[in-house]
1. Suppose the filter is touching a helix residue (DSSP H, G or I) at 6+ places or on another chain (Cβ under 8 Å), surrounded by fewer than 17 Cβ atoms within 10 Å (Cβ to Cβ) and touching a residue at least 24 places away in the same chain (Cβ under 8 Å); does residue 59 pass it?
2. Pairs needed: first member in the range 146-164, within 25 Å of residue 120 (Cβ to Cβ) and in the same structural domain as residue 101 (by TED's automatic domain parsing); second member anywhere, at pLDDT 80 or above and not in a helix (DSSP H, G or I); C-beta distance under 8 Å; at least 6 residues apart or different chains.
3. Hey, residue 74 hits all of (1) in a helix (DSSP H, G or I); (2) without any contact (Cβ under 8 Å) to a residue 12 or more places away in the chain; (3) exposed (fewer than 11 other Cβ atoms within 10 Å of the Cβ) but one; which does it fall short on?
4. Cβ contacts < 7 Å: first residue closer than 17 Å to residue 66 by Cα, restricted to the range 30-46; second residue among the β-branched types (Val, Ile, Thr) and in a strand (DSSP E or B), any location; separation 6+ or different chain. Result?
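The values are calculated or read from the model by the stated rules, or taken from the named source; none is laboratory data. As the structure is a prediction and not an experimental result, all values here were calculated from the model. Here the Cβ positions follow ideal geometry from the backbone for every residue, glycine too, while neighbour counts run over all protein chains shown.
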Amino acid sequence: MPQVATSADYSSPGMSGRGQDSRLYVKFHMEASHNEEKSIEAGRPIFIDEEYITIMVPGDRDIICRPVRSMDKQEYAVQYAAFKAGLEQPTEGTPLSVLPFLTKVQVAELHAVNVKTAEQLRDMSDVLAQKFMGINSMRQQVGAFLEAAAGAAPALKLQAELEKRDNTIATLQAALESQGKKIEELSRRK
């Protein structure tokens, strides 16, 4: 059951309050909140829907779950926009499920503690990582995988540009052939 933060906005280690911190798991949701004033007026419990935010460091058991504040909507604008649109709230990074060296069980165990991406696993603090058996080798493999992917990025970009150029050339060649056939047909009619 999530702890509701009351005094501090971000009381867990590593929660700097920066919405761009890729180590954080942030999710907006609706909760039923008890409205004391309306309950007293009605003489019965009255609840209202209220927007809540859950913030945690993946792998950590400390969870902040509290009503949404205006700064949350700004700091986590992408997640908030997806929440308002009724969409799955995005987690930026490489999904663990695409890593060839992780088993389905390892991915499921990491998902259970809200570690969803390779970047979150790589950036997990040593204090949190020590709670998991064999995580250091996983983190090393993930680091190597991400470095290799970053190294391959320029080549992949070049390949995409070459494919685009080849498609353009093929389209132009097809148009030239079509025009050539039309010219040939017109010249035969004369």
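1. Numbers: touching a helix residue (DSSP H, G or I) at 6+ places or on another chain (Cβ under 8 Å): yes; surrounded by fewer than 17 Cβ atoms within 10 Å (Cβ to Cβ): no; touching a residue at least 24 places away in the same chain (Cβ under 8 Å): yes.
So residue 59 fails the test.
2. Correct list of pairs: 146/94; 149/94.
3. (2)
4. Here the result reads 33/48; 35/48, each pair linking the range 30-46 to a residue that is among the β-branched types (Val, Ile, Thr) and in a strand (DSSP E or B).
For (1) under 18 Å from the mean Cα position of the chain (by Cα); (2) farther than 27 Å from residue 29 by Cβ, each residue gets a yes or a no:
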position: 73; (1), (2): yes, no
position: 82; (1), (2): yes, no
position: 134; (1), (2): no, yes
position: 142; (1), (2): yes, yes
position: 162; (1), (2): no, yes
